[in-house]
1. Let me spell out the model: positive unit charges on the Cβ of Lys and Arg, negative unit charges on the Cβ of Asp and Glu, origin at the Cα centre of region A:18-249. What dipole size does that give, in debye rounded to 20?
2. For region B:100-241, take the alpha-carbon Rg, divide it by the Kirkwood Rh, and send me Rg/Rh.
3. In chain A, if the dipole is taken from +1 on Lys/Arg beta carbons and -1 on Asp/Glu beta carbons about the Cα centre, which of A:206, A:150, A:564 is farthest to the positive end?
4. So how far apart, in nm, are the two label points at residue A:416 and residue A:373 if each is 7 Å from Cα heading toward Cβ?
5. Using alpha-carbon pairs under 8 Å, 6+ residues apart, how would you state the relative contact order of chain C in percent?
6. Just the number: Rg to Rh for region B:90-156, Cα atoms, Kirkwood Rh, two decimals.
7. So between residue A:501 and residue A:150, what do we pick up on full extension, going 0.36 nm a residue minus the alpha carbon distance?
8. Output wanted: per-residue J couplings in Hz (rounded whole) for region B:200-215, from phi through Karplus 6.51 cos²θ - 1.76 cosθ + 1.60, θ = phi - 60°, x for Gly and Pro.
Amino acid sequence: MSESRSRSGPAPVRRLNPRWLVLAGAVLLVLAFPTLAHGDYRLYLGTQVAIYLLVAMGLNLLSGYAGQPSLCHGALLAVGAYVTAIAMTDHGWSFWPAAAAGMALTAAAGALIALPAFRVSAWYFALITLAFADVVGGMLVEWGGLTHSFAGVVGIPMPELSGHALSPAELFWLVAALDIACFLMIANLIRGRFGRGFAALRDNEAAARASGISMIGLKMFAFVVSAAITGLAGAFYAVQKTVITPDDFTPDTSIFFLVVVVLGGSGRLWGPLIGTLAFFVVPELLTSLQSWRLLIYGVVLLALMLFAPHGLEGAFRAGWRRLVRSGGTTRPAAVTEAVRPTLDDDDQAAGMAVSIAGLVKRFGGVTALDHVTLRIEAGSVHAIVGPNGSGKTTLLNMICGFFRPDEGAIRLDQTDIVGRATARIARLGVGRTFQTPKLLADLSATANVMLGAYAAERASTVEVALWAPRAAREHALLAAKARYFLGFVGLGDRVGEPAGELPHSQQRLAEIARALMGRPRLLLLDEPAAGLSLSEIDRLGALIRSIAGLGVTVVIVEHHLDLVADICRHVTVLDRGRVLAEGTPDSVFRDPAVVSAYMGVRPVAEAQVPA
Amino acid sequence: MTARLQIEAVDVGYGHVGVLERVSLDIPAGAIVALVGSNGAGKSTLLRAVSGLLKPSRGRILLDGADIAGWRPDRIVDAGVLHVAEGRRLFRQQSVGDNLELGLYGSRLDRAGQTARYRLVFELFPILAERRQSRAGVLSGGQQQMLAIGQALMRDPRVLMLDEPSLGLAPIIVDQVLDVIVRLRAAGTTIVLVEQMVERALEIADYAYVLQNGRVAGHGPAAELATSDLVRNAYIGAGHG
Amino acid sequence: MDLDIIPSGLAAGSLYALVAVGFNILYRPTNVFNFAQGDLVMLGAMISASAIAAGLPWLAALLAAAALVGVIGLAENFLAVAPIVRRSSASHAWIISTLAYSLIIDNLVGHVWGPDPIRVDPPWPFSVTSFMIGGVRTSSYQLALIALTGLMILGIEQFYRTRAGRAVRAVAEDRDAALLRGIDPDRLSRWSFFLGAGFAAMTGLLASPTMYASTQLGPSLLVKGFEAAAVGGIGNNRGALVAGWILGLAEALGGSVLSPGYQAASTFALLLAILLIQPRGLFGQPEARSV
């Protein structure tokens, strides 16, 4: 696919992007705040809000987007603050290298607690973070030589810039600027492939692995970035307070940040800002009801989980949507496309051959595959059929690496893939769909399809974070491609729809589009026709034929034998984990052994096989 | 003990996706009724609705005249309707004996009655007595299927619903399982049989219903359906074989 | 090295194991790991300590605390778990909601009882007065606690061999299959919350003679109990016992060789090391295959 054929449509009317308006407004507000604040205390409070907002954004990245709830962000804040403070007071460093060291060490701590999280589930991780916070709390006291124990680190100086110490207003501006930068960075990361990757990590690991996403790398990324942002906040926390003691970082601090994120809307871009402001708009709450603080946190959290799981941001949006809907206006789904890719010669794929030899897979006492040997020619459409429970899906799961065979070999072209991780196999050019579509319900159809190109994206992390021209171009191109493939499978009018709201049959088609995004050389389709109407099956047949026309090898597990006969030249029949017959559809479906396996006729001789 | 099961104009769906539409079946007491149709026709969904895992959005399910639609699954089990789900859903970490013991959960049988149930199951499936101490997860596929049926039999079902009992089993094992089904009918149990091996199912069934795309496409005495194109088309589509 | 750490480590470890067992009782049928468990233990300690201070005999105080905390556990299921699990059984929203419940208990208990720890004497004939045996310093209560914990865990394992106990395991393994055999998972969940909370209350009382009854008990036992449950394998009570003892010894060792401040760090390091090698813990069962 290329941009070369993009047609020059009517020149788009240039309108000011509302995003720039919001940004300009934010900058103005930040600039004016020290004047508006009328007094040191409010300015101090404003700076504190800005620091807390950094932590909340870091936590939201990890807990909200990546789905790994952390109860140690208070402790991470402590690491950043203490490292900065100790380096500045006891070792005479200037603020900037001290803050960098604080960030680096906090990020390292984040990486440490991330290690077990690769192999355990989210709640396990939450408790590990709790235990970690406990340890940090203990060490702040224990390492008195370094931290001065309960006395804390005192006399932390203001950061200096070219010889003069920052004024409180300048400190506020600096932190607020970092808030804006961090907000934009997270917005860019989420808009780019990381947002899609995180959603897959959180809601559907199988889909993520089949799309070639390395879970370990992505999780580690979320931990380290989240911890680094928190460490940076810690550096400013130290210089703002000028004194830090272990009492500043109790377990309640971590819980406070979690409350802020959940209150604002976890996994929502504006959630941390709304949550932080909500807490400071009612500052009275924090002072006169100090002793009931935990109770209030608890009741607020519980009420949110019960009645507004997406926080204030989610509740606001839901209310807004209801308002808009009742007004009868719906947003047009169609998007004018600047880039309109079409199929090109360079989209021709060299199909991949599959050879399977002596494959055995047992589950407990049940042998699901029993010495299956099978060859699938490059560029062919090959069906695997057989009664329920004959091992068809197990075979697909072995080819794409979800299961490891007990015996036997699987080669894709010349590459032996036994024992390779699913994500690595996917990156060789193996795409697949699932019996029950595994889409990310909250993401748009387009974003779901774009997930399929995850491993192929070239823009670096930094480029995505800055939304550099290359990242923006790639994003636009991939979005256009995704819309193109959605059109290709017949969903051109559903591009903006959340995938969860598509009917079942369309979810199947969207999965095919997602698999195509990865430019597969081998496409595995698991019962694509299940639950489709007859006319939809006809269209599916045509679609599979045009996919094969691109040169892709297609392996299809299917019960609709009409469809199989229509599109395949090769059929393998499995029965109870063994290959029962092979050949063209005509010969195979006439084979008495196959008919009897399907229909459960008694031994062949007795069976009446209608012609 | 036996009972008649009537399903009257039932609609069932998952979320807002409808699967069954106005499905009506009449299953006479003490009969084997086969339920056939291709994958995705809605056979398993129907069984799940009868056993209470799904709530019909419309229609009635009558067990000897009492409407059980929407009851909780444990209450339906108490009423004597047992469902052996597809795929040998056993408690694989627990032993064969423990699995059978779990079949008695909620049973009001006295000790002698319970012993009688064990005796019956071990008589029908002697291999289960032999492997009583083994973990269910290490049994062969056929033995697991026998255990799944045996577990349901511990509650002395009035209606026994079997979903694909032959799934993945060797022919000789299928014979044994079907044999047991016939013997259960002789003892008066009403049987609903969902089976991929249509011809085998129709051999032993008294009556059959064909489901297609969530509706009843036809029904009749099993012997008549066995020779009709209706069933064949429902499975491998028109034009082959 | 100081051999005194052996009985004291084992006694502390026994308490961690008991907290872990409380987690497991709840986890088995519900797949929910109760973040309020530590506070239920603490609440049990406070209630029974007050009851004993008011002159109630030990056993009566124990039963009263277990019943009261049991009801509070039941309320937790009703308020913070059942509605959330019903909405989506796959989500982990219960992490936040059970944590929220724990904050509420923690704060309320703080207001009712205040920050001062309450001393609880062990029941007759035991005492915390230490004596020497074979060159090791211990107390009769320490020894009784270790023995009692072992016995209780064996007893609980016996319960899981009864029909009701097997039903709990069945629900954990395959909820739908259990439903089809007439087992009502919601009813088992309610019972588990009641009994798990009651068990937590008993743990709190048993902890009081050595650790004092105070609001500080909750958070620290939550973490230690989790560590024992994770190291032993979630859901495995005998594993929890062994893991509790290992952690208790490691903590005592870290405290005596390095300094008392290293207690939390030594168990955390052990937890990380074990989870890196064996993510399902020392005695954890592999997850059932999903097809």
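The values are calculated or read from the model by the stated rules, or taken from the named source; none is laboratory data. This is a predicted model, so every value here is computed, not measured. Cβ coordinates were reconstructed from backbone atoms using ideal geometry, including for glycine residues, and neighbour counts include every protein chain displayed. The accessibility values were calculated without ligands, DNA or RNA, using every heavy atom of the protein model including side chains. Shrake-Rupley method; radii C 1.70, N 1.55, O 1.52, S 1.80 Å.
1. It comes to approximately 920 debye.
2. Ratio of gyration radius to Kirkwood radius for region B:100-241: 1.03.
3. A:564
4. Rounded to a tenth, the inter-label distance reads 1.7 nm.
5. Relative contact order for chain C comes out at 37 percent.
6. My calculation puts Rg/Rh at 0.94.
7. Gain on stretching residue A:501 to residue A:150: 120.8 nm.
8. 5, 5, 5, 4, 9, 7, 8, 8, 8, 10, 9, 9, 9, 6, x, 10
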